[in-house]
1. Any chance you could give the angle, 0 to 90 degrees and rounded to 10, that helix 22-41 forms with the longest Cα principal axis of the chain?
2. For the chain, what is the largest minus smallest coordinate of the Cα atoms on each principal axis, given in angstrom and ordered from greatest to least?
3. For labels at residue 20 and residue 41 in the simple 7 Å Cα→Cβ model, what's the distance in nm?
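Here, each number is a calculation from the coordinates, and none is a lab measurement. Given the structure is predicted, the values throughout are model-derived calculations rather than measurements. When we count neighbours, we look across all protein chains shown, and the Cβ atoms used for this are built from the backbone with ideal geometry, even at glycine.
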């Protein structure tokens, strides 16, 4: 699963729609993966 659509998958006009969350998901992706790894590894 990728955090952002690949260029050409959706129209650029959709980026400004308040119902799109892929930018939020991309921004939260790294901290979430870090937290999950910390939880799994028990550190």
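1. Helix 22-41 and the main axis of the chain meet at about 10 degrees.
2. 43, 19, 10
3. 3.4
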